Amino acid sequence: MLSKNIKVLGIESSCDDTGAAIVDSNLRILSNIVISQNEQHKPFKGVVPEIAARSHMENVKLAVNNALLEADVSLNDIDVIAATCGPGLIGGIIVGSMFAKSIASVLQKPFIAINHLEGHVLTARLTNNVPYPYLLLLASGGHCQYVAVLGLGRYKILGQTMDDAVGEAFDKVAKMLNLGFPGGPEIEKKATMGDENRFAFPMPMINSGNCNMSFSGLKTAVRLKIEQIGINLSDQDICDVAASFQKSVTEIIAKKTKYAIESYEKFADGKNLVTAGGVASNKLLRSCLAKVAENYSYNFVAPPVKLCTDNAAMIAFAGLERFNAGKIDSIGFKPRARWGLEDL
Ligand code: KG4
Ligand code: ZN
């Protein structure tokens, strides 16, 4: 007998994008709506939590309605409701998860509380059907970590940043250069017109012998260089700083990925190197990771850019995996601003 096709509605609201998506058990993304708040946060060159929470409140219903419309289904066709319940900005998380709980409660359907990081971690299983175990580099605005993904909810952190997340470093350097928000794509754009060898920025912890990282000193070195150039900072200087910074970041990550592979191989053997998170959309970073993977005879998987940055399809898919594993949550699940992968 054919098993029923399950449809999961996912809601994402942990930072500055309101997302709603529907994914089915044939791994089809029936819809994936992202309502960006970039315009609201742009004047502040960073995410303002109160503005984010208010915008999620204004947008969540529209996002869900559009996700239903795009998928051409009604709420009654949805079998499972999944929502990000942390980590992230708690105001937005409360808005999205409360909305999801209300739907689940009215429809009498299972509710699943998703860890946002797990959404990123599992994306490559949705897009490329990657089997467990695999090595993952999660590179986002709030995190930078190497994770041995051993199975659903079985994550071992092999190394991580000791200070700033890599996306945070991109955003802060973009702010210093007076570029737009979010900073990562702006730096990447300027870097294409810059000389990456003009400035030799430091690579902190490069010889630490493990896959822990640090980006704070690099960021400070960039600030000092910009201050040194002073008011004469030209368009070409901006492009050269962006390119040199991006080169340092990718060289750090390339080297740390080698350490991460060696550490991962001590207890897992699936030869897949996967990346996820907003910074994983960076083309130079992707090509560096692909080279490292090739040197170790690993398969390299990077989901499409739209599914690297925050989205609700990854939340719906994590919901599907959890539902299939019988991991259902109570409607009383408390949202969490802090929630590590190893706490799952
Ligand atoms: O995963 P994400 O969308 O949100 C978090 O969970 O943090 O990641 C956002 C981060 C931001 O810091 C943004 O500047 C960075 O990802 N980012 C990039 C690129 N696109 C987004 N960084 C470098 N290059 C990019 N193309
Ligand atoms: Zn994210």
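Among the residues examined, ALA243 does not qualify as closer than 19 Å to CYS211 by Cβ, without any contact (Cβ under 8 Å) to a residue 60 or more places away in the chain and either touching a Phe, Trp or Tyr at 6+ places or on another chain (Cβ under 9 Å) or in the same structural domain as PRO110 (by TED's automatic domain parsing) (or both).
All conditions in (1) in the same structural domain as SER263 (by TED's automatic domain parsing); (2) surrounded by fewer than 23 Cβ atoms within 10 Å (Cβ to Cβ) hold for ASN128, with the sole exception of (1).
When ASP72, ASP79, ASP24 are checked against the criterion of being at positive phi, out of contact with any helix residue (DSSP H, G or I) (no Cβ under 6 Å at 6 or more places or on another chain) and more than 16 Å from ligand 2 (Cβ to nearest atom), ASP72 stands alone in meeting it. Number of residues in segment 146-169 that are of a type outside the set (Asp, Glu), within 16 Å of ligand 2 (Cβ to nearest atom) and open to solvent by 10 Å² or more (accessible area, probe 1.4 Å): the value is 3.
Residues that are within 14 Å of ligand 1 (Cβ to nearest atom) and within 18 Å of ALA260 (Cα to Cα) within segment 121-146 comprise VAL121, LEU136, LEU137, LEU138, ALA139, SER140, HIS143, CYS144, GLN145, listed in sequence order. The residue of segment 205-216 that is nearest to ASP240 (Cα to Cα), among those that are surrounded by fewer than 20 Cβ atoms within 10 Å (Cβ to Cβ) and touching a residue at least 40 places away in the same chain (Cβ under 8 Å), is SER216.
The residues on offer are SER36, SER55, and the sole one that is surrounded by fewer than 21 Cβ atoms within 10 Å (Cβ to Cβ) and farther than 16 Å from PRO335 by Cβ is SER36.
So which helices (runs of 4 or more DSSP H) stay within segment 104-203 end to end and still have 3 or more residues that are out of contact with any Gly (no Cβ under 9 Å at 6 or more places or on another chain)? Don't jump to the end; show me each part of the working.
Numbers: elements: 116-128, 166-176, 183-191.
So the answer is 116-128, 183-191.
With open to solvent by 60 Å² or more (accessible area, probe 1.4 Å) and outside any helix (DSSP H, G or I) as the only criterion, which of LYS291, LYS306, LYS327, LYS255 stands out? On inspection, the qualifying residue turns out to be LYS327.
Counting residues in segment 179-193 that are open to solvent by 60 Å² or more (accessible area, probe 1.4 Å) and in contact with an Asp or Glu (Cβ under 8 Å, 6 or more places away or on another chain) gives zero.
Which of the residues that make up segment 204-226 are under 25 Å from VAL47 (Cα atoms) and outside any loop (DSSP other than H, G, I, E, B)?
Here is the first cut: in segment 204-226, the residues under 25 Å from VAL47 (Cα atoms) are 213-224, 226.
Residues satisfying the conditions are MET213, SER216, GLY217, LEU218, LYS219, THR220, ALA221, VAL222, ARG223, LEU224, ILE226.
The values are calculated or read from the model by the stated rules, or taken from the named source; none is laboratory data. Everything quoted here is computed from the prediction, not taken from an experiment. We place every Cβ from the backbone using ideal geometry, glycine too, and count neighbours over all the protein chains shown. Each accessible area value is taken on the protein alone, full model and side chains, heavy atoms only, with ligands, DNA and RNA left out. Shrake-Rupley method; radii C 1.70, N 1.55, O 1.52, S 1.80 Å.
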